Amino acid sequence: MIEEKIICIGCPLGCETTLKIDDQRKVIKITGYKCKEGRQFVLEEYRSPVRVLTATVLTQNSARPLFPVRTNRPLLKTQLKEAAKALIGVKVKPPIRVGQIILPNIMNTGVDVIATDDLIS
Amino acid sequence: MKFSEVDVAVIGSGPAGMAAAIKAKEEGAEHVLILERQEQLGGLLHQCVHNGFGLLYFGQDLTGPEYACRFVEKVRDLGIEVLLETMVTQISGDRKLTAINSHEGPIHLQPKSIVLAMGCRERSRGQLSIPGTRPAGIFTAGTAQRLVNVEGFIPGKKVVILGSGDIGMIMARRLSLEGVEVKGVIEILPYVGGLIRNEAQCLHDFDIPLLLEHTVTQIHGEQRVEAVTIAKVDKNKRPVDGTEQNIECDTLLLSVGLIPENELSRLAGVDLDPLAGGPVVDERRETNIPGIFAGGNVVHVHDFVDNVSWEAEIAGTWAARLSQKGDFEKKEKITLKPGRNIRSIVPQTISGQNDVTFYIRVKEMEEKVRLKVGDIYHRAFRVVKPSEMIKVDLLQKELNLLKGNSSELVVECEKGE
């Protein structure tokens, strides 16, 4: 049996949890979390960690050179760098409303990249 | 709107200023005016393109610009007046306010109340006294953040970050994703300066080394940074001879703390608290000058944007009430006193007549302690850390438990659970 320490990043509290894992890599016990969501988070974090990607893309016909975006759902942690590369060359034009889809289905993950700001001009 | 009719003037439109203005309007102040020096509302939120904003306030994981958008929409819907690209240059103790912009020229206002919401700024190299040359390539983390996220410049190819503040760690991740080699984060203290979750998702996720109890002792390079020397430090934070090592890099980012912006507060004659860094306030977030309130990072630097907005709402609420009913009656005040292992307490004084939201920062990391506010409140903590501010809400009726006419209330960490 081994122990793995995982910091829960589900909320700003940042609980430091400990997972007891058996030889079949099955989680036997979790300690150190403070809520149900946190318990679920560290379990997922152990099995397959995911993150929301935030980034910027280039603009056209705008006074602002860059425009902020994020994925509408988390990606696998291992996909983050590749996803950041997939945003190179994406250009947006005003008008854009916050929440609007900028790049649908990034890398065929079913996850969309959305605007996180308004772009009026 | 005639400028002579302003009820509540709010200086700054970041997460504090917009929250204060909205609350003041909702509380019934008719003419609420925001003065913002940039060309858009939102303050620093625009360059904070990462997520983690609003988890407490909205129960949603938003980015900085999204958090700003929510407030901007409300500012518009409520008909709050806004002056952009307008710099406040003077506030006097009798609530006269002077601002300037290129459309109106100088603007003279006499608002009934003023909310200070100018936020904070970063400590820079000059405040650290790092020996060495003065080449290009040394930036504060926030400046690098603006360059990368707003203006579209990458500050360098090989980066060392001094200080493990949140902005530094967030920039470590951001630069890694942009293909920059982040060689390490150097922290003089034995623990990380920012939030533990940022250590996890910004440093661990990208395999960026964190060197605790180390500091930069020399900067090398003539035109451009070429390397830094780092060394281990002893218990007194002094570099230990023989532990020096050179790290080749072209950029050094500084993430070594934030300081409230106090210039306007000083001009107005507002008393400042050297411990919290900003104005001394009471539970209404009113300063020693009647009718001048303050909220958010201008009072003391918060860990979470959500608390910045919540605190500014307190200031906005009372600023509106004062604008409608006139100045508050002067009463005896109770002074909060930092006791064992307490760095700072906001508010620094209370009237005892209203509910209070306290924000408390400890001096040192300590395990198994009991936080006490006089003998009217206590809470057990497994661990307290300087990087994690403690919020304590006390109801007015709990303050009634204060014995007799005590003029002092000690906040302290007691050892043991």
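Taken together, the values in this text are just the output of simple stated rules run on the coordinates, not laboratory data. What you see is a predicted model; the values in this text were computed from it and never measured. In this analysis, Cβ positions are derived from the backbone assuming ideal geometry, glycine residues included, and neighbour counts consider all displayed protein chains.
Taking trypsin sites (Lys or Arg not before Pro) as candidate sites, keep only those in a DSSP loop with at most 15 other Cβ atoms within 10 Å, then name the longest stretch of chain B containing none of them.
With trypsin sites (Lys or Arg not before Pro) excluded where exposed in loops, chain B gives B:3-95 as its longest stretch.
Could you list the trypsin sites (Lys or Arg not before Pro) in the range A:1-109 that lie in coil according to DSSP, counting only those with at most 15 other Cβ atoms within 10 Å of their Cβ?
Answer in residue order: A:Arg25, A:Lys26, A:Lys34, A:Arg97.
Between B:Lys337 and B:Leu267, what length comes free when the chain is fully extended (0.36 nm per residue of separation minus the Cα-Cα distance, one decimal in nm)?
22.6 nm
How big is the protein assembly as shown by the Kirkwood estimate over distinct Cα pairs, in Å?
Every distinct Cα pair counted, the radius reaches 24.8 Å.
Go through the range B:100-164 and name the GluC sites (Glu not before Pro) that are in a DSSP coil and have 16 or fewer other Cβ atoms within 10 Å of their Cβ.
In loop regions of the range B:100-164 (DSSP not H, G, I, E or B), the sparsely surrounded GluC sites (Glu not before Pro) are B:Glu104.
Each label point is 7 Å from the Cα along the Cα-to-Cβ direction; what then is the distance between the points at A:Ile21 and A:Lys5, in nm?
1.5
Put +1 on the Cβ of every Lys and Arg and -1 on every Asp and Glu Cβ in the protein assembly as shown; which of B:Thr63, B:Leu258, B:Pro131 then has its Cα farthest towards the positive end of the dipole?
So the residue we want is B:Thr63.
Can you work out the FRET efficiency for the pair B:Glu30 and B:Glu226, with r the C-beta to C-beta distance and R0 = 51 Å, to the nearest 0.05?
0.30
Once the convex hull of the alpha carbons of the range A:29-99 is built, what does its volume come to per residue, in cubic angstrom?
Value for the range A:29-99: 110 Å³ per residue.
Taking the Cα centroid of the range B:64-80 and of the range B:1-40, what is the distance between the two, rounded to the nearest whole Å?
12
Using a basic spin-label model with each label point 7 Å from the Cα along Cα→Cβ, how many nm lie between B:Leu147 and B:Asn101?
Here the answer is 3.0 nm between the modelled labels.
Any chance you could give the angle, 0 to 90 degrees and rounded to 10, that helix B:64-77 forms with the longest Cα principal axis of chain B?
For B:64-77 against chain B, the angle is about 20 degrees.
Mind putting a number on the dipole of the protein assembly as shown about its Cα centre? Charges go on the C-beta only, +1 for Lys and Arg and -1 for Asp and Glu, and I need it in Debye to the nearest 20.
Rounded to the nearest 20 debye, it is 600 debye.
Find, among the chymotrypsin sites (Phe, Trp or Tyr not before Pro) in the range B:305-384, those assigned to loop by DSSP (not H, G, I, E, B) with at most 13 other beta-carbon atoms within 10 angstrom.
Counting only loop positions with at most 13 other Cβ atoms within 10 Å, none of the chymotrypsin sites (Phe, Trp or Tyr not before Pro) in the range B:305-384 qualifies.
Please go through the residue pairs B:Lys23/B:Lys74; A:Lys81/B:Lys157; B:Lys74/B:Lys325 and name each one whose alpha carbons sit more than 20 Å apart in this structure.
B:Lys74/B:Lys325
Determine the principal axes of the Cα atoms in chain B, then give the extent along each, sorted from largest to smallest and rounded to whole angstroms.
Largest first, chain B extends 65, 58, 38 Å along its Cα principal axes.
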